[in-house]
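Working notes for the structure below.
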Amino acid sequence: MTTAPHASSFAERHIGTTAEAGISRMLAPLGLPSIDALVDAAVPAGIRLRDSLQLPEPLSEEEALARLRAFAGRNEVKTQMIGQGFYGTHTPPIIRRQVLENPAWYTAYTPYQPEISQGRLEALLNFQTMVSELTALPVANASLLDESSAAAEAVLLMRRANRSHGSRTTVLDRNLFPQTIAVIRGRAEALGFPVEVADLAAGLPEGEISGIVLQQPGDDGAVTDHAAIIAAARERGALVTVIADLLSLALIVPPGEQGADIAVGSTQRFGVPLFFGGPHAAYMAIRTGLERSLPGRLVGVSRDDSGAPAYRLALQTREQHIRREKATSNICTAQALLAVTASMYAVYHGPAGIRAIAERAHAHARTLAAALADAGVELLRGAFFDTVVARVPGRADAVLAAAEAAGINLRRIDADTVGVSADETTSEAHVEAVAAAFGATVSRVFSPGELGIPQGLVRESGYLTHPIFNTIRSETQMLRYLRRLADRDLALDRTMIPLGSCTMKLNSAAEMESISWPEFASIHPYAPAHQTAGWRELIRDLEERLVEITGYAGVSIQPNAGSQGEYAGLLAIRGYHRAGGDEGRDVCLIPASAHGTNAASAVLAGMHVVVVKNTDAGTIDLDDLDAKIAEHRDALAAIMITYPSTYGLYDADVREVCDRVHAAGGQVYIDGANMNALVGLAKPGEFGGDVSHLNLHKTFAIPHGGGGPGVGPVAVAEHLLPYLPGDPVRAGGGPDGQRDGVATSDGIPVVSTLFGSAGVLPISWAYIAMLGAEGLTRSTRHALLGANYLAARLREHYPILFTGPGGLVAHECILDLRALTAETGVTAEDVAKRLIDFGFHAPTLAFPVAGTLMVEPTESEDLAELERFIEAMIAIREEIAQVAAGEFALADSPLRRAPHTAAAVVTSAWDRPYPVEQAAFPVASLRVDKYFPPVGRIDGAHGDRNLICSCPAPEAFEN
Ligand SMILES: *Cc1c(COP(=O)(O)O)cnc(C)c1O
């Protein structure tokens, strides 16, 4: 690196330590003269790039924001009445500022360490309670990725629950949104189970049925009484999923009361901006008995070591990181931040407010329907909630153009049919303008409360009855509730979060700023292309930059999490093999060290997982690889490797591994979650990969949001380009497509809406634009420096499990606690919990090796913060020595009794064998800046034995 850093460059603020003095101190324990020398020693020469990345010159923060303004300026903000799963909504400003734009919420990690996550766990429990009450089903999870993939997850859940009926068909009502049909069909195609699209209003088709999927209201807006078809399906041994619009359930009989087993849908219209299609939180609610088959995360109530109620993630043994290929789903990152937003919308409005919003949308739709009917326009359905579909033979384009001229987007269903959806933002003036676009005039205005919903379908039961939805009314209360919850948690705004494999780096304010601009946030995903030129340019530009960074030929940003990128990438491999007549290739080799999503995604893509061993040194065992290739030569579809590996190693043999798999006819999938150790130094597309996914919410600065959103772009080599994800609406028979029978996706995979989680892409765009080639490469180099410095400082206290040449690691390292555990009983978990008393979020616990901690500092942490962490880890090591020396019993040690709440230490009855000062202030700096967790160590097993997944009554918290 020759260019001199200058104070105004963004890289100087993104990277924690750039001063020469600091760098020298970090290099000293490595015995290396420069970062160049470190990179040369750590990164195998055989994969190193010779030239620097070809990217535009870096921009300052101001310049990047000006460029983003220019992109945004080429989008046109209209009143969005297209519907089709995406609706206008007002994000209450207090929620926008205090949640969506608040780093205390958006920089948090998934709540795997529950003691420091009670705030967001409470918010997610509110989300589950909200969904459960509105759908009238007892258990809801803490969000899925989007409505379409949630429906696909429901179909798989029905098949799991109905295992004995493996060959049975899944029947989709033809009145589902086309994008949903496309995504479900894609899943079914990969797994080889039959799906049929039928008009369920005409009754169940013949034959054996595993499950049926209905939608309320339907694609055509119809509100239908599903009770009879649900009963008939259950009679035939089928399960029933209803995709339900959450807002409509304020007025319409909910799925749970109609006998459905599962309800899914989007919570977008609960205050989450349109975001050009995402990120939005989908929900899934189930009847009792299906809990253990539920995909996604589930928050439950347990208790802490003092017996107080405490929240935690429940039933984690279902999840991919434990169950791998037997998991209920591959979903890891979900949509936590958007789920929190939607739940706070319900807290803010309460049941009466939600009902009023639903009634207003309904009344506007009725007013429009009456005007159209008066003008002789034929309406497809008489019973609707918010969506009116009109038949205008040959006139659809003219009606759309007239509406657009009045600033309103409508839905073009086909040349003769137009859909109009009212929502929270609709006004009487909008309705008049839409009526005029049809050549009609409003004659009668319906008022909220005048329900046009058929008799038996009007909801009589209550919802949002829990006190949390009925106590917070003033903005002052709301402000303080949000602050109180945020204060219970540790996020990046307070401390480094050294989670290996998760790359918790800076999410800068300049990167974040543009996402709530209306020109980005208020764009409907199906708005006409000429209104969304800015979005499309930004996406194309980002995709091109990612192509350059990865060395592949093309990138799709459609996958809305790493897991979905894996799925899309494996489908591309599958499509490629099939096109070459290689239908039998369905074995996916996965090293033992891989992330759980790899195995779970392979299964979803219809592949069989075969595990390849790692050597004792942590590299892929080439002999075992050869043996597995030989055993499965004709069936070999792919190998999935993570590079550098989850062991924090640059495997020097990686080209050899790729060559051997290629020679056997297999494809190479390189999991790019660890790109933070590669950007600017090596390109997976050049050292042997055919396809990779990236985690924009790791390497490319999208915040983790407490468990989502994410973006998992899939990048492919030339020969896989035809298999990149396609347009789900087209694949599902969207505009001009065949509705009846619904076109298949022609082998083109679709994984979510066309542009996935588009709304957060400006973050990664800004990150890359502001760093440029040099800043990105510098970031990678500093990530290596930070990890190697930590490893060098900690190795005399905790052994580093795997190291490469020269004792070096990549961008993360694994601290091996197992010998200490054997000797003293102190576990890696004890260390993780004790770190909370020092104000730290723990490193990654027990992945990829049980009994270890994986530490990834990232380039954004400065030397002083690294020293603070090292000091804590050394202090903890001394406490382990105290246990070993018998100064106190493990059960009564500050390690096992950690973390310490304020209540535990502020007591006149302190009776533990270690000083109370050691409990609370193990290092001096904590006397000033102290975080107390709101609960002590949580008893996980208790929560799983006594599953409670909605808000407990307030009395539970008394005393
Ligand atoms: C994070 C991660 C994934 C999964 O990404 P999600 O966005 O959480 O689905 C896959 N592989 C590796 C190595 C990871 O670290």
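Structure above, values below:
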quantity	calculated
Alpha carbon convex hull of the range 25-90, projected area averaged over orientations, nm²	10.8 nm²
Length released on extending from Val928 to Ala373, taking residue separation times 0.36 nm less the Cα-Cα span	192.8 nm
Under 14 Å, Cβ to Cβ, from Thr425 - net charge with Lys/Arg +1 and Asp/Glu -1	-1
Relative contact order computed over the chain (Cα-Cα under 8 Å; 6+ residues apart), in percent	20 percent
DSSP beta bridges in the chain [antiparallel fraction, %, rounded to 5]	55 percent
Protection proxy ranking, peptides 774-780, 188-194, 368-374, average beta carbon neighbours within 10 Å, highest first	774-780, 368-374, 188-194
Tilt relative to the chain, helix 828-837 - C-alpha long axis, 0 to 90 degrees, to 10	80 degrees
Structure-based [θ]222 nm, the chain - -39500 (n - 2.57) summed over DSSP H runs of at least 4, per residue, nearest 500	-11000 deg cm²/dmol
Nearest-0.05 FRET efficiency for Ile94 and Asn470, computed from C-beta distance (R0 22 Å)	0.80
Which of Met607, Met284 has the fewest Cβ neighbours within 10 Å, and the rest in rising order	Met607, Met284
Relative compactness, the range 799-862, computed as alpha-carbon Rg over 2.2 N^0.38 Å	1.16
Computed FRET value (nearest 0.05) for Glu718 with Ala617, which takes r as the C-beta separation and R₀ as 45 Å	0.85
Where GluC sites (Glu not before Pro) fall in DSSP loop in the range 887-959, at most 13 other Cβ within 10 Å	Glu887, Glu958
Mean Cβ count within 10 Å, highest first, over the residues of peptides 411-424, 757-770, 126-139, 392-405	757-770, 126-139, 411-424, 392-405
Rounded FRET efficiency, nearest 0.05, which uses the C-beta distance separating Arg483 from Asp892 and R0 of 56 Å	0.95
Degrees, to the nearest 10: 336-374 long Cα axis against longest axis of the chain	20 degrees
Alpha-carbon centroids, the range 60-89 and the range 348-387: separation in whole Å	27 Å
Pairs from Lys628/Lys698; Lys505/Lys683; Lys78/Lys698; Lys326/Lys833; Lys613/Lys833 whose Cα-Cα separation, in the structure shown, is over 27 Å	Lys628/Lys698; Lys78/Lys698; Lys326/Lys833; Lys613/Lys833
Pair-distance profile P(r), taking every C-alpha pair of the range 181-325, with 10 angstrom steps and integer %	9, 30, 36, 18, 5, 1
Cα-based convex hull volume of the range 444-558 per residue, rounded to whole Å³	298 Å³
Exposure proxy order (Cβ contacts within 10 Å, fewest to most) of Val43, Val716	Val43, Val716
Kirkwood Rh and Cα Rg combined as Rg over Rh, evaluated for the range 332-427	1.09
Two-decimal ratio, the chain, of alpha-carbon radius of gyration to 2.2 N^0.38 Å	0.92
Cα centroid separation - the range 881-930 against the range 400-479, whole Å	57 Å
Local electrostatic count at Ala371 - Lys and Arg +1, Asp and Glu -1, tallied over other residues with Cβ under 12 Å	-1
Asp671, Asp305 arranged by Cβ crowding within 10 Å, fewest neighbours leading	Asp305, Asp671
Between 0 and 90°, nearest 10: helix 428-437 axis offset from the chain longest Cα axis	60 degrees
Value of Rg/Rh across the range 517-665 [Cα atoms, Kirkwood radius]	1.06
Over the range 518-769 - Rg/Rh using Cα atoms and the Kirkwood inverse-distance radius	0.98
Paramagnetic reach from Ala19 (point 7 Å along Cα→Cβ, amide N under 18 Å) across the range 847-862	860-862
Positive minus negative residues near Ser474 (Lys, Arg vs Asp, Glu; Cβ under 15 Å)	+3
Gained length - Ala405 relative to Ala819, 0.36 nm times residue gap less alpha-carbon distance	141.8 nm
Three semi-axes of the equivalent ellipsoid, the range 476-538, Cα gyration tensor, whole Å, largest first	32, 20, 10
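Bear in mind these aren't lab numbers, they're just calculated from the coordinates by the rules spelled out. Quick caveat: nothing in here was measured; it's all calculated off a predicted structure. Every residue, glycine as well, gets a Cβ built from its backbone with ideal geometry; the counts of neighbours run over all protein chains shown.
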